[in-house]
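Engineer: Structure below; questions to follow.
The values are calculated or read from the model by the stated rules, or taken from the named source; none is laboratory data. Note that the structure is a prediction, hence the values are computed from the model and not measured. When we count neighbours, we look across all protein chains shown, and the Cβ atoms used for this are built from the backbone with ideal geometry, even at glycine. The area values use the complete protein model at the heavy-atom level, side chains included, leaving out ligands, DNA and RNA. Shrake-Rupley method; radii C 1.70, N 1.55, O 1.52, S 1.80 Å.
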Amino acid sequence: MAGIQNGIVRLKDYVNRASEKKLTTLAITDLSNVFAAVKFFKLATSQGIKPIIGADLYVENEKNRDKPGRILLLCQSHDGYLNLSKLITKAYTENQYRERPEIKYEWLFSNLNEGLICLSGFDHGDTSQLLLDQKKDEAVELIKKYADAFNDRFFIELQRYQVGKQREEHEDLILQLAQIAFELNLPVVATHPIQFIEPDDFQAHEAKTCIADGYVLADQRRPKVFSPEQYFKSQEEMLELFQDIPSAITNSIEIGKRCNFEFKLGEVYLPDFPIPDGSTKIGEEATETVMAAKDGAKDKIVYETADLWFHSMVLLAQQGLSPQDVLEELDRRFGLSGHDEKASRKD
């Protein structure tokens, strides 16, 4: 899975590489948005690849707002895409913390999760953060809540992308997660966080990260979040990486089969806006009044304020004013003669 926001992956290169490696499904999961979804959908389907749309979302940590968890949501259906859009919108409009949109558990564990498959987020996930903080009992209880809310649509996510000492820490986390999954009879799934296409692109990605975070490459104190292993791996490489947990690979294929959302492009969808009884005639009369007022004021209206004038005319016409009354009211509010004087001075 790739995210465009934190990486240097270009969508066209991403899809082309998948085609070269003969992949049948491909996912995109940006952080807190689905901006690239339509373009990705078009590129993938044009090459016979099944696109999976999803998003990596912050989950509010009520005990410590500075350390939110993260989960991955994938669209299983059209309802799932609508619910994902609603969750992202609510996060941006109702629950931002330090400009970071976060979803609440009460939203996630409601009917807003219908049509969505949830992956636990591996080391960034809220459940894994509890395990890393030596709070296994709390982690297990939270995993149970996810499993109850999503039923068979919740998967414990495993990844192997770190190197050195961090790789050892990740292996310990994988062991704990696999044990919990076994005890609770929950499925595990292997994913890979792609940040660049080729292994040689790592340094370029590090440079981009430094620019974004305000560091220089030579700074030994800078946080090193990414690893050289986060390139586009082949199916064979992933099979080898998780040869000790074959079900994790099998379940990634199963998720691909279950995600069947498609955009219906090229069609116009108008909003279903309820109109009160008898209002159609009023609307027609208001439109006629506005057009008459526009004709009367066409020599005076300044083009830069056309939108403001038009909406003002509509509001005034809906109040039952005549074309002449509309013009007089606009003159009182905006000063038509004043606009003429400015226009004359410019000439």
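Engineer: What do you get for Rg/Rh over the stretch 154-261 if you use C-alpha atoms and the Kirkwood form of Rh?
Structural biologist: We get a ratio of 1.03 for the stretch 154-261.
Engineer: Shifting gears a bit: Express the accessible area of the stretch 1-88 per residue in Å², computed with a 1.4 Å probe while the remaining protein chains stay in the model.
Structural biologist: I get 45 Å² per residue for this part.
Engineer: What residues have an amide H closer than 5 Å to that of K50, excluding those fewer than 5 places away on the same chain, when H is modeled at 1.01 Å from N in the peptide plane?
Structural biologist: Here T25, L26 satisfy the definition.
Engineer: Let's test the formula: R0 of 35 Å, r as the Cβ-Cβ distance of K104 and R332. What FRET efficiency results, to the nearest 0.05?
Structural biologist: 0.15
Engineer: Take a quick pass over the stretch 91-241 and tell me how many lysine pairs come in under 20 angstrom between Cα atoms, counting only ones 8 or more apart or on separate chains.
Structural biologist: Lysine pairs meeting both conditions in the stretch 91-241 amount to 8.
Engineer: Roughly how far apart, in whole Å, are the Cα centres of the stretch 202-249 and the stretch 177-200?
Structural biologist: A separation of 15 Å, based on Cα centres.
Engineer: Starting at 0 and stepping by 5 Å, how many percent of the alpha carbon pairs of the stretch 156-197 end up in each bin?
Structural biologist: Result, from short to long distances: 6, 22, 25, 22, 14, 7, 2, 1 percent.
Engineer: While we're here: Can you give the Rg to Rh ratio for the stretch 89-205, taking only C-alpha atoms and Rh from Kirkwood?
Structural biologist: 1.00
Engineer: How high is the FRET efficiency between D152 and A218 when r is their beta carbon distance and R₀ equals 41 Å, given to the nearest 0.05?
Structural biologist: In this case the efficiency is close to 0.25.
Engineer: Could you check how much of the accessible area of the stretch 86-234 is carbon and sulfur, as a whole percent, using a 1.4 Å probe?
Structural biologist: Roughly 48 percent of what the probe reaches on the stretch 86-234 is carbon or sulfur.
Engineer: Between the alpha-carbon centers of the stretch 118-156 and the stretch 22-40, tell me the distance in whole angstrom.
Structural biologist: 24 Å
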